[in-house]
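Got a structure for you, written out below as structure tokens; questions coming shortly.
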Amino acid sequence: MICISTRGQAPAVPFRQAVVAGLAPDGGLYVPVTWERRPAGWWEGLRGAPFQDVAVAMAQSLLGDEFHEGELATLIRGALNFPIPIVQLDETLQAVELFHGPTFAFKDVGARTLARLLSHLDLSAEAPGAKVDAHDHPLTVLVATSGDTGSAVAQAFGGVPGTRVVVLYPEGQVSQVQEAQFTTLGGNVTAVAVAGTFDDCQRLAKMAFADGALRQRVRLTSANSISLGRLVPQMFYYAYAALQSPAESRVVISVPSGNFGNLAAGVMAWRMGVPIAGLIAATNVNDTVPRYLATGVYEPRPSVATVANAMDVGAPSNFERLSWLFGGDRAAMQAMIAANVHSDDDVRRAIARLHRRYGYVADPHTAIAYLGTQAPQHRSTPALEHLFLSTAHPAKFAETVEPAIGQAVPMPPALADALARPRLVERIGPSLAELANLL
Ligand SMILES: *Cc1c(COP(=O)(O)O)cnc(C)c1O
């Protein structure tokens with residue numbers, strides 16, 4: 001899979017090299033150069049197949065030119081070794097549960113695949129800049145998190161030889177459970193609380209990648225959703241979910257969006273030919289992309305804290321990729337993607353309603369995806385089947401979920417263990433000098 005930069009000023013590289021680099025040298029995001037649609041018959045052959053089989057088939061089709069077949073199948077099956085249940089709520093409404101991996105959020109899908117890809121590629125030592133010193137200096141995975149990425153990446157790389165993970169997070173703005181998940185691992189994982197917002201963390205990470213002197217000294221790579229190595233595996237569950245419905249159904253998938261990596265993966269899946277009739281970008285009040293779709297003006301704003309904190313993003317880093325995928329044509333984007341915006345009060349009411357009506361316990365992000373399906377323009381279109389992506393286990397957000405449903409949410413044992421362990425945190429201000437010093 002040949003990849004180019006969204007900014008068009010960097011050489012085309014194979015996927016393997018795009019994964020190791022993270023960000024393209026011109027500051028753009030890597031995207032596949034062509035979109036060969038797989039024919040409808042190819043997809044029909046996968047209808048009803050288990051998730052792992054769909055994933056392996058798509059991986060072979062996309063990346064088979066760069067990996068040996070057995071190697072790729074082992075890598076994908078090892079990374080995506082958890083179930084993705086689809087819960088039928090009524091005839092036209094289903095929840096696609098992506099949170100059954102080790103950190104109880106959908107980011108395990110991308111992070112676990114990326115960790116295995118990076119480790120595999122680094123060991124086969126073809127990382128650019130992986131010169132002779134590759135084995136003396138660990139590969140430093142720098143990741144900014146608004147909550148769930150940190151734990152997924154830290155878990156995925158925890159104990160992987162030759163790697164070190166540095167997690168930047170906004171101090172006091174992630175949930176107790178989220179913080180416990182990435183500050184209690186120790187070993188090759190360093191958690192850094194930044195006195196600032198998620199946007200500050202993301203900006204610091206970008207500045208570190210762009211700092212030539214720093215990169216001379218530290219072998220740095222990204223595990224944020226700017227990495228194509230995280231988005232490709234996310235395409236797989238769009239296909240799997242769409243292909244569980246009967247061939248005649250018109251499937252619309254609602255995606256709770258923050259940095260818009262998940263939605264970009266959905267668009268990439270659609271471009272590859274996955275039978276999806278439409279996508280819904282559902283956000284909290286951090287509505288930069290919905291405003292763009294409505295007005296044509298792209299105007300990032302400082303992020304606002306909400307109960308769906310993994311989506312508190314005012315300057316979504318994947319917008320550039322999303323826009324590129326539609327050739328910068330807003331009308332084309334509008335034809336495929338509907339957007340809607342939801343307040344914290346809407347979210348609490350939706351959690352209560354899902355519980356009352358269907359006995360379904362949703363976390364705040366998932367509740368936003370559900371609300372995405374309830375917008376009038378969708379409900380009034382007949383014959384659509386709505387799938388919404390359930391992106392986190394409700395116990396991760398018990399402080400919001402329990403009051404809304406009036407009962408306790410049982411805590412999975414792995415989360416309870418993390419909460420009980422001591423936390424190890426470094427603290428810095430939002431400055432590159434402090435981060436560089438720490439690295
Ligand atoms: C990260 C996250 C999102 C948003 O995904 P993006 O790819 O950043 O748009 C939604 N829900 C949960 C639980 C998350 O952790």
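The values are calculated or read from the model by the stated rules, or taken from the named source; none is laboratory data. What you are looking at is a predicted structure, and each value in this text was computed from that prediction instead of being measured. Please note: Cβ atoms are built from the backbone with ideal geometry, for glycine as well, and neighbour counts cover all protein chains shown. Note: accessible area is taken over every heavy atom of the protein model, side chains too, but ligands, DNA and RNA are not part of it. Shrake-Rupley method; radii C 1.70, N 1.55, O 1.52, S 1.80 Å.
Let's see if you can work this out: charge +1 on each Lys and Arg Cβ, -1 on each Asp and Glu Cβ, no other charges. What is the dipole magnitude of the chain about its Cα centre, in debye to the nearest 20? Before the final figure, lay out each step's value.
Values: 33 positive and 38 negative charges, 35 e Å.
Once rounded to the nearest 20, the dipole reads 160 debye.
So, one more: Rounded to two decimals, what is the ratio between the C-alpha radius of gyration of the range 7-79 and 2.2 N^0.38 Å?
Values: Rg = 14.6 Å, N = 73, 2.2 N^0.38 = 11.2 Å.
Taking N as the residue count of the range 7-79, the ratio is 1.30.
Let me ask you something else. Express the accessible area of the range 197-252 per residue in Å², computed with a 1.4 Å probe while the remaining protein chains stay in the model. Please list the in-between numbers first.
Values: 1740 Å² over 56 residues.
Here the per-residue accessible area is 31 Å².
Take the alpha-carbon centre of the range 214-277, take the same for the range 182-199, and report the distance between them in whole Å.
First find each Cα centre; the distance between them is then 26 Å.
Something else now. Thinking of the range 150-195 as a set of Cα atoms, what percent of all their pairs are more than 16 Å apart?
Within the range 150-195, distances greater than 16 Å cover 29 percent of Cα pairs.
State the percentage of accessible surface on the chain attributable to carbon and sulfur atoms; use a 1.4 Å probe and exclude ligands, DNA and RNA.
Here it works out to 53 percent.
Residues of the range 190-209 with the amide nitrogen closer than 12 Å to a label point 7 Å from the Cα of A436, along Cα-to-Cβ, please.
Residues passing the 12 Å test: 207-209.
Report, as a whole number in µm² per second, the diffusion coefficient that Stokes-Einstein gives for the range 310-428 at 25 °C and 0.890 mPa s using the Kirkwood radius over alpha carbon pairs. Spell out each step's value before the answer.
Numbers: Rh = 17.0 Å.
Translational D for this selection: 144 µm²/s.
Could you work out how far apart the two model spin labels at L384 and H120 are, taking each label as a point 7 Å from the Cα in the direction of the beta carbon, and quote it in nm?
3.7
If you don't mind, there's one more thing I want to ask. Calculate I(q)/I(0) for the chain by the Debye formula, one identical point scatterer on each C-alpha and no solvent, and give its log10 at q = 0.06, 0.07, 0.10, 0.13 Å⁻¹ to two decimals.
At q = 0.06, 0.07, 0.10, 0.13 Å⁻¹ the computed log10 ratios are -0.22, -0.30, -0.65, -1.16.
Could you give the length gained by full extension between Q9 and A408, i.e. 0.36 nm per residue of separation minus their alpha carbon distance, to one decimal place?
Full-extension gain reported as 138.4 nm.
Between S303 and residues 5 or more places away or on another chain, which pairs have amide H atoms under 5 Å apart, with H built 1.01 Å from N, and which residues are they?
D199, G314
How long is the gain from E36 to L424 if the chain were fully straight, where each residue apart is worth 0.36 nm and the alpha carbon distance is subtracted? Intermediate results must be reported in sequence, preceding the final value.
On the way: separation 388, 0.36 × 388 = 139.68 nm, distance 4.67 nm.
Full extension from E36 to L424 adds 135.0 nm.
Additional query: From the P(r) of the range 180-226, can you give the percent of Cα pairs sitting at distances over 12 Å?
Percentage above 12 Å: 71.
Something else now. Based solely on its DSSP helices, what 222 nm [θ] is calculated for the chain when runs of n ≥ 4 H residues each add -39,500 (n - 2.57) and the sum is averaged over all residues, nearest 500 deg cm²/dmol?
Here the helix-only value at 222 nm equals -12500 deg cm²/dmol.
Quote the accessible area belonging to I84 in square angstrom, nearest 10, computed with a 1.4 Å probe and with ligands, DNA and RNA left uncounted.
The value for I84 is about 10 Å².
List every residue whose amide H lies under 5 Å from the amide H of V189, counting only residues 5 or more places away in sequence or on a different chain, with H placed 1.01 Å from N in the peptide plane.
Those lying under 5 Å, H to H, from V189 are V165.
Given N residues in the range 38-191, what is its alpha carbon radius of gyration divided by 2.2 N^0.38 Å?
Compared with the compact-globule rule of thumb, the range 38-191 sits at 1.20.
In what sequence, highest mean first, do 149-160, 398-409, 295-306, 165-176 appear when ranked by Cβ atoms within 10 angstrom? Provide the component values of the computation, followed by the final result.
Numbers: 149-160: 25.7, 398-409: 16.2, 295-306: 14.2, 165-176: 21.8.
Those peptides, ordered most packed to least, come out 149-160, 165-176, 398-409, 295-306.
Among DSSP beta bridges whose residues both lie in the chain, state the antiparallel percentage, nearest 5.
20
If I model a spin label as a point 7 Å beyond the Cα along the Cα-Cβ vector, how far apart are those points for R250 and R217 in nm?
Result for the modelled spin labels: 5.8 nm.
When the convex hull of the C-alpha atoms of the range 131-223 is computed, what volume per residue in Å³ does it have?
Here the figure is 84 Å³ per residue.
Let me ask you something else. Per residue, what accessible area does the range 294-383 have, given a 1.4 Å probe and all protein chains present, in Å²?
Per residue, the range 294-383 has an accessible area of 42 Å².
So if R0 is 51 Å, what FRET efficiency would D417 and A335 give, r being the distance between their Cβ atoms, rounded to the nearest 0.05? Don't skip to the answer; put the middle values down first.
Details: r = 47 Å, r/R0 = 0.92.
After rounding, the FRET efficiency stands at 0.60.
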